[in-house]
Amino acid sequence: MRLFKKVLAVSVASMCALSLAACGGSKSAETTAAASSESKEETKAGESVSEAVAATGKDAKDIKVGISIYKFDDNFMTLYRNELVRYLTEDCGIPKDNIVVQDGKNDQAEQTNQINNFIATKVDVMILNLVQSSSAPTVTDLAKEAGIPVVYINREPDETEESRWASDGIKATYVGADARQSGTFQGEEIAELDNKGDINGDGTVKYIMIQGDPENIDAQYRTEYSVKALTEKSGLKAEELLIQRGDWDQAKGQQIAQDALTQYGKDIEVIFCNNDAMALGALQAINAAGRKVGEDIYIVGVDALAEAVQNVSEGKMTGTVFNDFISQAQAAAKAAISFTNDEKVDTKIPVDYVKVTKDNAADILKLVK
């Protein structure tokens, strides 16, 4: 728990440096780590959060925010979206009627229409979870022409695009965690087991990979770095039996795992999943096949959804990785406020992941429930 608090403290401290006065009533690192339900602190003695925002520039009650999420029925992004709106309204003092939240329906054309509508209605800032991160250059150009800053969240544009923001003075930033870290943590969770994931002791860990969207950079990094970390840390070989696209979806994760378990049977020692939704589906297939996690198979995911963390705490899942939606949502809100106040915002605002194993699952569960 001490390490967990330290990691969150670093994450939150770095994002708070972004715009200290912007939304000052946020959870501190200590209260976040302890999952405190205490009242929000005031930014200064006798000064409300909305007053702090107004003091730096545009009055909070006048700020209009356009938010588009790649799809509403994504478990993780629902948590993120709810915290983002809560923080913007309760901590930053922006009226709820001034915040428009749209469902991208996993359709980039639909989302682009939403973005054009945000521009037409003259929002002050956009917070975007793109359907396709490759569309960022086009979206950025639209926003730049309209003079509207953009905060990209969760799905990171490529390095070329981010470099352009800095070199061309474009008001855009990305708030999120480095997916390479999440993949690395998944691989380490397996490598740190007593048998290093090598259940049959043949020196090779045989695995299947249930991937999100192969075109998504997070999916690519989690896929690559999970296996890389496993082999480097364990000193063992790894053999891929199957890699298949699951589109971040629980039902697809279940079907992929079910078919793989039928085809490969006991040869499967580890199931890597790019997110927890697919891992929960795969776990259903594992249970239906009569396999037992921790004995004849291992499974890891990413996001730390409450159900997944509960399973980890009970030994029903090997591990997951906490994708800190609380710190990310708050950092995104602060960046948005900073843009409206014409403050300098870094082109990338990182938030660390946290490993979740049976040792710390109970502590993480307090945060995500």
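The values are calculated or read from the model by the stated rules, or taken from the named source; none is laboratory data. None of the values given here were measured: they were computed from a predicted structure. When we count neighbours, we look across all protein chains shown, and the Cβ atoms used for this are built from the backbone with ideal geometry, even at glycine. For the accessible areas, the whole protein counts, side chains as well, though only heavy atoms, and no ligand, DNA or RNA atoms are used. Shrake-Rupley method; radii C 1.70, N 1.55, O 1.52, S 1.80 Å.
Summary of computed values
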quantity	calculated
Nonlocal amide H pairs with Y298, under 5 Å, H built at 1.01 Å	V270, I271
Whole-Hz couplings from phi, Karplus 6.51/-1.76/1.60, listed for the stretch 282-287; x for Gly and Pro	4, 5, 4, 5, 4, 5
Pairwise FRET efficiency - N200 versus A251, Cβ, R0 = 30 Å, nearest 0.05	0.50
Whole-percent carbon and sulfur share, accessible surface of the stretch 254-313, 1.4 Å	41 percent
3J(HN,Hα) from dihedral phi, the stretch 232-248, Karplus parametrisation 6.51/-1.76/1.60, rounded to Hz, x for glycine, proline	5, 7, 8, x, 9, 8, 10, 10, 7, 8, 7, 10, 8, 6, x, 6, 6
Linear extension gain, A166 paired with D97, 0.36 nm per residue minus alpha-carbon span	21.6 nm
Per-pair calculated FRET efficiency, R0 = 45 Å: K122 and A362 via Cβ, rounded to 0.05	0.45
Per-pair calculated FRET efficiency, R0 = 30 Å: D296 and K228 via Cβ, rounded to 0.05	0.75
Cβ-based net charge around G203, under 13 Å, with every Lys or Arg adding one and every Asp or Glu removing one	-1
E110 accessible area, 1.4 Å probe, all protein chains in place, Å² to nearest 10	60 Å²
5 angstrom amide H check on I349, placed H, neighbours 5+ away	Y174, V175, G176
The stretch 143-246 - percent of accessible surface contributed by carbon and sulfur, probe 1.4 Å	42 percent
Per residue value of the accessible surface for the stretch 180-323 (all protein chains in place, 1.4 Å probe), Å²	38 Å²
Amide proton proximity set for V205, modelled H, under 5 Å, gap of 5+	K237, A238, E239
Among the listed pairs K96/K144; K96/K171; K61/K334; K71/K366, those beyond 21 Å (Cα-Cα)	K96/K144; K96/K171; K71/K366
Label-to-label distance, nm, for residues given as D158 and E90 (7 Å Cα→Cβ offset)	4.0 nm
With all protein chains modelled, accessible area of S182 [1.4 Å, Å²]	0 Å²
Residues of the stretch 345-369 with amide N under 12 Å of a point placed 7 Å along Cα→Cβ from I243	none
Full-extension gain in nm, D141 to D73, via 0.36 nm per residue minus C-alpha separation	21.6 nm
The stretch 154-220: GluC sites (Glu not before Pro) in DSSP coil with no more than 12 other Cβ atoms inside 10 Å	E215
HN-Hα J in Hz across the stretch 138-155 - Karplus 6.51, -1.76, 1.60, θ = phi - 60°, x for Gly and Pro	5, 5, 4, 4, 4, 5, 4, 4, 7, x, 10, x, 10, 10, 8, 10, 6, 10
Cα shape, the stretch 180-323, gyration tensor, a/c 1.5 rule	rounded
For q = 0.10, 0.19 Å⁻¹, Debye-computed log10 I/I(0) when each Cα of the stretch 60-164 counts as one equal scatterer	-0.25, -0.95
